[in-house]
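The values are calculated or read from the model by the stated rules, or taken from the named source; none is laboratory data. Worth saying up front: this structure is predicted, and the values here are computed from it rather than measured. Because the Cβ atoms are built from the backbone with ideal geometry, glycine has one as well, and the counts that use them run over all protein chains shown.
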């Protein structure tokens with residue numbers, strides 16, 4: 001199944017199941033196949049949709065750098081919904097896909113039932129913005145120089161990935177094999193342009209404060225680059241909850257499939273039953289006095 005983006009590129013889509021639509025949006029090191037454990041589980045009760053982002057075969061591989069932006073990534077989700085005749089959907093993302101989901105909710109809240117943001121916010125530190133951009137360009141060049149197979153072995157041994165390898169060597173080997181087969185040009189341009197030039201979540205303060213779409217933020221406690229951005233998302237989005245998976249890295253949905261599925265399933269059920277709250281105003285400010293506080297040692 002194919003969807004056509006606003007600027008004319010075709011996106012490969014797959015779906016299974018019936019019911020309320022849930023769209024899964026993959027990370028840089030993944031593609032539409034990365035969500036297979038979730039499609040098999042949630043496809044029993046939901047209409048599950050996944051797609052490969054532009055630059056990831058069998059979707060089109062644009063050769064133009066200007067085709068890889070955060071706006072394109074968000075609006076490609078809209079194109080998928082339109083192609084499949086879906087009015088509103090839950091949008092579930094990991095890493096690069098979670099930022100696409102976040103920007104989709106900001107740009108198209110009327111089409112968004114909820115968002116689940118996994119491992120969201122890598123590279124957001126404002127004092128490291130130029131350094132992150134430079135690293136993204138270096139990574140892009142390394143992909144072209146090394147080829148995807150050698151690059152994948154290097155990339156998949158970094159911070160946030162070793163936990164998956166230690167817990168599930170067989171699953172990790174499958175993950176690495178798929179990453180090795182990605183298109184080098186598409187991956188390089190995604191790194192250089194989409195990753196390296198996207199806005200920091202700390203630059204989205206007003207947009208996050210105005211967002212009321214039900215939001216679940218999920219992070220691994222060893223996914224250190226995303227930890228503080230996750231706390232920031234919780235603080236800024238009044239409709240957000242934050243949960244942290246123990247002893248877990250970046251590849252949440254594959255590394256801890258059972259835990260992740262249970263968290264996501266409970267979240268979707270709460271949203272669909274109309275029971276997902278916005279934060280109470282009383283939780284926003286510290287009172288002038290705390291009558292319940294323990295007395296100091298001087299009292």
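Being over 18 Å from the mean Cα position of the chain (by Cα) and closer than 26 Å to residue 257 by Cβ is a description that applies to residue 157.
Okay, residues lined up against (1) closer than 14 Å to residue 252 by Cβ; (2) not in a strand (DSSP E or B):
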| site | (1), (2) |
| --- | --- |
| 82 | no, yes |
| 86 | no, yes |
| 92 | yes, no |
| 99 | no, yes |
| 104 | no, yes |
| 122 | yes, yes |
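Of the residues contained in the range 98-121, none is found to be out of contact with any strand residue (DSSP E or B) (no Cβ under 6 Å at 6 or more places or on another chain), surrounded by fewer than 24 Cβ atoms within 10 Å (Cβ to Cβ), at pLDDT below 95 and under 23 Å from residue 220 (Cβ atoms). Only one of the numbered conditions (1) touching a helix residue (DSSP H, G or I) at 6+ places or on another chain (Cβ under 7 Å); (2) closer than 26 Å to residue 88 by Cβ; (3) in a helix (DSSP H, G or I) is violated by residue 230, and that is (1).
Could you say whether any residue in the range 145-156 is within 18 Å of residue 252 (Cα to Cα) and in a helix (DSSP H, G or I)? Within the range 145-156 (the criterion being within 18 Å of residue 252 (Cα to Cα) and in a helix (DSSP H, G or I)), the answer is yes, since at least one residue qualifies. Taking every residue in the range 179-196 that is on the phi < 0 side of the Ramachandran plot and without any contact (Cβ under 8 Å) to a residue 60 or more places away in the chain and pairing it with any residue that is in a helix (DSSP H, G or I) and surrounded by 23 or more Cβ atoms within 10 Å (Cβ to Cβ), at least 6 positions away or on another chain, the pairs with Cβ-Cβ distances below 7 Å are 184/143; 188/143.
Scanning the range 212-220 finds one or more residues that are at pLDDT 95 or above, surrounded by fewer than 16 Cβ atoms within 10 Å (Cβ to Cβ), more than 15 Å from the chain's Cα centre (by Cα) and not in a helix (DSSP H, G or I).
Any residue that is buried (at least 17 other Cβ atoms within 10 Å of the Cβ), in contact (Cβ under 8 Å) with a residue 12 or more places away in the chain and under 27 Å from residue 1 (Cβ atoms) - is there at least one of those in the range 124-135? For the range 124-135, residues buried (at least 17 other Cβ atoms within 10 Å of the Cβ), in contact (Cβ under 8 Å) with a residue 12 or more places away in the chain and under 27 Å from residue 1 (Cβ atoms): absent.
Give the range 45-78 a look and list any residue that's within 27 Å of residue 148 (Cβ to Cβ), touching a strand residue (DSSP E or B) at 6+ places or on another chain (Cβ under 9 Å) and either surrounded by fewer than 21 Cβ atoms within 10 Å (Cβ to Cβ) or at pLDDT below 95 (or both), or say none. Working first, answer last.
First, pick out the residues of the range 45-78 that are within 27 Å of residue 148 (Cβ to Cβ): 49-77.
Subset that is touching a strand residue (DSSP E or B) at 6+ places or on another chain (Cβ under 9 Å): 49-54, 56-60, 73, 76-77.
Across the range 45-78, the qualifying residues are 57, 58, 60.
Taken as a whole, the condition of being outside any helix (DSSP H, G or I) and either within 19 Å of residue 105 (Cβ to Cβ) or without any contact (Cβ under 8 Å) to a residue 12 or more places away in the chain (or both) does not apply to residue 262.
In this structure, does residue 204 turn out to be within 21 Å of residue 71 (Cβ to Cβ), surrounded by 14 or more Cβ atoms within 10 Å (Cβ to Cβ) and modelled with pLDDT of 95 or more?
On the way: within 21 Å of residue 71 (Cβ to Cβ): yes; surrounded by 14 or more Cβ atoms within 10 Å (Cβ to Cβ): yes; modelled with pLDDT of 95 or more: yes.
Spelling it out, residue 204 is indeed within 21 Å of residue 71 (Cβ to Cβ), surrounded by 14 or more Cβ atoms within 10 Å (Cβ to Cβ) and modelled with pLDDT of 95 or more.
Scanning the range 141-154 for residues that are touching a helix residue (DSSP H, G or I) at 6+ places or on another chain (Cβ under 8 Å), on the phi < 0 side of the Ramachandran plot and surrounded by fewer than 20 Cβ atoms within 10 Å (Cβ to Cβ) gives 141, 142, 144, 146, 149, 153, 154. Residue count for the range 11-30 satisfying the condition of being buried (at least 22 other Cβ atoms within 10 Å of the Cβ), touching a strand residue (DSSP E or B) at 6+ places or on another chain (Cβ under 9 Å) and assigned to a loop (DSSP other than H, G, I, E, B): 3.
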